[in-house]
Structure formats: C-alpha cells, structure tokens
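Have a look at the structure below before the remarks.
We did not get these values from a lab; they are worked out from the coordinates using the rules stated. Because the structure is a prediction, the values reported are computed rather than measured. Glycine gets a Cβ as well: all are built from the backbone with ideal geometry, and neighbour counts include every protein chain shown.
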C-alpha cells in the first residue's frame, strides 16, 4: 500500500515531498509501515492541499536516501494504492530514474488500483476520489493528504472492496503470484533516517 504527496501532477517535472507505505500480509492485516517527508530540492508546491511547507522538508532526506529502503519494502509485493497506476507509481519510477538512471527503475510490477476497482466494479464512475470511495463504504479519516494516513485508509478501503467483490474479481491470486518475481533494483533493508510531520512542525 503506497501513497505519495507531490509538488504537482506531472511526474517528469514534479517531485515527491512525502511518501507513506503500509505493508499488508495476504489477509490484509498491517504488518509494517514507513513514512517520511522528502526534500524535493525545490518549492514543495500546493501547501494548501498537502499541508507541507518549505521549512518542513528542510532537513528531510532526499528521495535518493530513502530509495533503497523503499525498494526493499516494495520488492516481492503487489503495489496497491488509489490511482496508483496513473499517479503514485509513475512518480516513484520517475524519482528512481533521477536517483540513478534506468537501472534503478523497476520493470513490470503487479498493481491493484482501488480507484479502478471502484470504477469497474462498484459503479463509482467519474473521478471516484478516495473520499468518494471511502464514503461509499462508510470509511472516514482525519489526516487527508497525509501520505501515511491516506495509505492506511486505502488499506481499509481495499479490505472493504475485497469483502464486497471477492479476491477472484480483483484477480488477487495472479497479482500475488506475479509479486514473487517483482524486483525493485538496489534494495537495502537498512532503514534510513526519516523526518515526519510532527517532528517538522515541532522543529
């Protein structure tokens, strides 16, 4: 389960300013998490949306510093998120390329996009935002546009979608099988230093 906050909407020119990962076991239970602000080496962009200011990312790790551990967390897993295919994953690929060229960009990856599932199987047409989908299932959360908060509520959304549709409709067995061969290059299991919102605001 992954979510990123960014300086804008175009992965080729914009940057990640926060990343959150929630690791789930095959049953959907959380077994780990990771979150940090990321120094984009530029203005953080729409603070009015994600709440991240320049002073908050000052002193945060760069994406290059956290990339090896992210690669470790995401290798061998299905990459799940809300609009992950068109937003989060393209940003992660672009940042990996900036960190070290095409050799650090993962190849084919199994994904499960809760936005696409909602559009294809739940009748939620149009934008089917995370708020729309969570409202549909009676889910709520306070920390909107907070990478870890959004990742956690998306995990809850995934559980609700699995309960409604079943794993066969989501083709989850195939995705889990493909995940066993999914590799993010340059992985390291050594956790990096991080900077989270609470620390940034206190500082």
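For the reader, a short list of remarks on this structure follows.
- Multiplying the residue separation of residue 180 and residue 75 by 0.36 nm and removing their Cα-Cα distance gives an extension gain of 37.0 nm.
- Within the chain, percent of DSSP bridges classed antiparallel, to nearest 5: 80 percent
- Rg and Dmax, both from the Cα atoms of the chain and both in Å, are 16.3, 48.
- Projected label points at residue 141 and residue 97, each 7 Å from Cα along the beta carbon direction, are separated by 2.8 nanometres.
- Relative contact order (%) - criterion: Cα under 8 Å, at least six apart; region: the chain: 30 percent
- Fluctuation leader among 182, 156, 173 - the chain, Gaussian network, Cα springs under 10 angstrom: 173
- Prolate/oblate/rounded label for the stretch 9-78 (Cα gyration tensor, a/c 1.5): prolate
- Value at 222 nm in deg cm²/dmol, rounded to 500, when DSSP H runs of n ≥ 4 in the chain each add -39,500 (n - 2.57): -11500 deg cm²/dmol
- Relative contact order for the stretch 1-104: 28 percent, from Cα pairs under 8 Å spaced at least 6 residues apart, divided by residue count.
- Against the chain, whose longest principal axis is taken from its Cα atoms, helix 147-165 shows a tilt of about 10°.
- For the pair residue 198 and residue 10, the difference between a 0.36 nm per residue extended length and the Cα-Cα distance amounts to 64.9 nm.
- Residue 42-residue 129 FRET efficiency (beta carbon distance; Förster radius 35 Å; 0.05 resolution): 0.85
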